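Asks: So that we are looking at the same thing, I have put the structure below in structure tokens.
The values are calculated or read from the model by the stated rules, or taken from the named source; none is laboratory data. These numbers were taken from a predicted model, which means no experiment stands behind them. Cβ atoms come from the backbone with ideal geometry, glycine included; neighbour counts cover every protein chain shown. These area figures cover heavy atoms from the full protein model, side chains too; ligands, DNA and RNA do not enter into them. Shrake-Rupley method; radii C 1.70, N 1.55, O 1.52, S 1.80 Å.
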Amino acid sequence: MRIGEISKRADIVVETVRYYEKIGLLPEPDRDASGYRAYRQAHLDRLLFIKRCRTLDMAQDEIRELIRLTEQPDADCHDVDALLARHLRHVRERLQELTSLEQTLEQLQQACSDGGRVRDCGILGSLSHDLETPAAPAGHNHVPGTHGKGQGV
């Protein structure tokens, strides 16, 4: 398969396929006589595996570790279970953070229930003066799918 075909079959954009190759999640394919990448079924299977992991919001390092573990089929699956437990813990922490964020946004929204002019807006006033600046937990990243080393990866 050429890159366009594998991209279409995996429903992953071409640039992402190239990116996964670049960072080592996807093995580099052989090249045909004209220099085009020649992907095999194993590449498609790996792309689909990566896509499923990303759907579960797993970080690249987590996916890389799972791939490494799949290459040891006779090993004990304790490491896989431990990785998933760490990821689940991260997801639960994230849910707590999102609940707190939801409550803060609801409080802000209640600050401006009567409409009016922007200069009198309770939401903007609260954002400018009333709220304390929340301190992000050390080493934490709010970008979905990214977990720092200190976050149980």
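Residue-by-condition table, conditions (1) more than 20 Å from residue 6 (Cβ to Cβ); (2) over 17 Å from the mean Cα position of the chain (by Cα):
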site	(1), (2)
30	no, yes
48	no, no
56	yes, no
73	yes, yes
83	yes, no
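Asks: Quick check, is residue 68 in contact with a Gly (Cβ under 7 Å, 6 or more places away or on another chain) and either open to solvent by 80 Å² or more (accessible area, probe 1.4 Å) or of a type in the set (Asp, Glu) (or both)? Full working, then the answer.
Replies: Numbers: in contact with a Gly (Cβ under 7 Å, 6 or more places away or on another chain): no; either open to solvent by 80 Å² or more (accessible area, probe 1.4 Å) or of a type in the set (Asp, Glu) (or both): yes.
Considered against the rule, which asks whether it is in contact with a Gly (Cβ under 7 Å, 6 or more places away or on another chain) and either open to solvent by 80 Å² or more (accessible area, probe 1.4 Å) or of a type in the set (Asp, Glu) (or both), residue 68 comes out as no.
Asks: State whether one or more residues within segment 108-130 are open to solvent by less than 70 Å² (accessible area, probe 1.4 Å), out of contact with any Cys (no Cβ under 9 Å at 6 or more places or on another chain), modelled with pLDDT of 75 or more and assigned to a helix (DSSP H, G or I).
Replies: yes
Asks: Follow-up. Considering each of 147, 140 in turn, give the residue that is within 30 Å of residue 3 (Cβ to Cβ) and either touching an Asp or Glu at 6+ places or on another chain (Cβ under 9 Å) or modelled with pLDDT under 85 (or both). Talk me through it step by step, then tell me what you get.
Replies: On the way: 140 fails: within 30 Å of residue 3 (Cβ to Cβ).
Just one listed residue meets the conditions, 147.
Asks: Okay, moving on. If you scan segment 1-55, which residues turn out to be open to solvent by less than 100 Å² (accessible area, probe 1.4 Å), of a type in the set (Ser, Thr, Tyr) and either in a helix (DSSP H, G or I) or free of Cβ contacts under 8 Å to residues at least 24 places away in the same chain (or both)?
Replies: 7, 16, 19, 20, 34
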